[in-house]
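Student: The structure under discussion is supplied below as structure tokens; questions concerning it will follow.
FYI, it's all coordinate maths here, none of it is from the lab. Since the structure is predicted, the reported quantities are computational estimates derived from the model, not experimental observations. Neighbour counts run over all protein chains shown; Cβ positions are idealised from the backbone, glycine included.
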Amino acid sequence: MSPQGGSGLRVIGPVVQGGTITVEVGSNDTTVYVSAGSAGETVSHAVVPGKTNQLPVPPVPGGTVLWLWVGKGLNRRVVLVEVLAP
Amino acid sequence: MLPFRIVVGCCLSGFAAAQSVQHHVVPASAAAVDADSFGWLAGASAPLRQQHLVAPQHLTGLVGRTLTALEFRRTAAAEAYQGGLMNVAVTLAHAPHGPLDASATFAVNLGVGGVLVFAGDVALPSSPAPSPGPAIGWTPDNIVRIAFTAPFVYLGGPLCVDVVGAPVAGQTADWWMADAASDPVVGATTELGGGCGAYGGVAKRWSSVSAYTLLPGAYASFEAIGPAWSIGICAFGARSAQPIPLALLGFQSPAACSLMLASLDAMMLAPFVPAAAPALQHLGGHASVVLRVPNDPAVFGATLTTQWLEWTQQATSNAIEWTVANAPPSLGMALLEGHPQEPSGNLTVHLAHVLRFESQ
């Protein structure tokens, strides 16, 4: 499966219910946000400065589109990924 | 005739020594092997400004020399990178301060006397996946090279390398990651709970602080998600031994809202600013409070607790007890990133690109 995103933020591999999201952050942001589509469902995770970050997939139904983003202002980068049923 | 030949020979050898090209990698530990992180490049895929501050201990071999080029080497990830073109302007300056005193405002780090050493298009090479292993060479396929068109003589002290980049339409390289080095020093955070309201998912965890910002010389960044254009109160104090229900204090708050602070040492207001793009406004507002962590032993290991109050819901965030790292990072570099149209950006003192300077 090809990486999704680019331009400083991308997701590697499929995002499966109950699994993890493999995120690569090319910017120097220290926090990545994951949202199940609404502000109320947004949670944050610290970005480790290594190559990849493993984030838990939030408890959402298969088919839900997740919004991942880093940065703020004009430098915000967003990636959309779909959660797959196992 | 012989003395003339000796004089000419000495002159030529001295000229050759003065003109000899040298390469100097910062940090030196990454000269021949891949460092432990990576970073994007200004202009490769998006408008971006990247400013590095380099401590003088990294640059002793360059004092008195003329810097003629700057190079970035790709990270050693096992994937090919598609090439592209970017437009950059590079300014070098003798910085007014070192990386642990760096500002989040670009102009402050440049000081006065900066020299525009290059402006124009730069190629990102198509780069095949490197051989397995940490060793990676500074070969043409692996590097982005910016050859300066104006000289800059490095006289010593902290160096500021300011790169403003813009993508070239149709020739972007969306994932061309340069090598970067990080420092293992990190602060610490402990979640204390107490969150309530409509944000932060099931755990009502709608505020955060990254432990990588809790470093001497960095900017501790306290962030929260809430209703767009509402106001957040970011409170600092000592951790409470017992949760204090907000209702007990007269607030008309949702259930489970609890104050986790035993004292209020400081409070700061911040608006929940929505994203500029209409397609992202359903993600709510983002509030941020940034505090400078001075590189001062007095704050090494210091601990406080932070909790937000969102005004329209009268809801508390999850409280976070946080501790500044016990020592400053030893990386000797700082990286400030931001949008070229904004005067300030995001500063890190634990993470920066691997840089190679060419000099003569």
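Student: How are the Cα pair distances of region B:258-360 distributed, in percent, across 10 Å bins from 0?
Tutor: All Cα pairs, binned at 10 Å, distribute as 10, 29, 33, 22, 5, 2, 0 percent.
Student: Taking Cα centroids, how far is region A:4-61 from region B:318-360 in Å?
Tutor: Taking the Cα centre of region B:318-360 as reference, the centre of region A:4-61 is 21 Å away.
Student: Further question: Does chain A come out rounded, prolate or oblate, given a ≥ b ≥ c as the square roots of the eigenvalues of its C-alpha gyration tensor, rounded meaning a/c under 1.5 and, failing that, prolate meaning a/b above b/c?
Tutor: Here chain A falls in the prolate category.
Student: Return P(r) of chain B (all Cα-Cα pairs; 10 Å bins starting at 0; whole %; ordered from short to long distances).
Tutor: 5, 21, 26, 22, 15, 7, 2, 1, 1, 0, 0
Student: Additional query: For chain B, what does -39500 (n - 2.57) per DSSP helix run (n ≥ 4), summed and divided by total residues, give at 222 nm, in deg cm²/dmol to the nearest 500?
Tutor: Working: 2 runs with 23 residues, N = 360.
Helix contribution divided over all residues of chain B: -2000 deg cm²/dmol.
Student: Continuing with this model, one more query. From other protein chains only, count the Cβ atoms within 10 Å of every residue's Cβ in B:73-81, then give the mean.
Tutor: 1
Student: If you average 1/r over all unlike Cα pairs in region B:111-158 and invert the result, what Kirkwood radius do you get in angstrom?
Tutor: Across region B:111-158, the inverse of the average 1/r is 14.0 Å.
Student: Averaged over A:67-77, how many beta carbons belonging to a partner chain fall within 10 Å of each residue's beta carbon? Let's see the in-between values first.
Tutor: Details: counts 4, 0, 4, 1, 6, 10, 12, 11, 12, 7, 3.
If you average over the peptide's residues, the count of other-chain Cβ atoms is 6.
Student: Then there is this: Taking the Cβ of each residue in B:221, A:27 as the centre, tally the other Cβ atoms inside 10 Å and list the residues starting with the fewest.
Tutor: In increasing order of surrounding Cβ atoms, one gets B:221, A:27.
Student: Further, regarding this structure: Sorted by mean Cβ packing within 10 Å, highest first, what order do the peptides B:34-45, B:139-150 take?
Tutor: Details: B:34-45: 25.4, B:139-150: 16.2.
Answer by packing, highest mean first, reads B:34-45, B:139-150.
Student: If I take the Cα coordinates of the protein assembly as shown and project them onto the principal axes, what are the three extents in Å, biggest first?
Tutor: 102, 50, 36
Student: Using the count of nearby Cβ atoms within 10 Å as a rough guide to exposure, how do A:80, A:66 rank from fewest to most?
Tutor: Exposure proxy ranking, most exposed first: A:80, A:66.
Student: Starting with the fewest neighbours, write out B:205, A:77 ranked by other beta-carbon atoms found within 10 Å of each beta-carbon.
Tutor: Sorted ascending by nearby Cβ count, the order is B:205, A:77.
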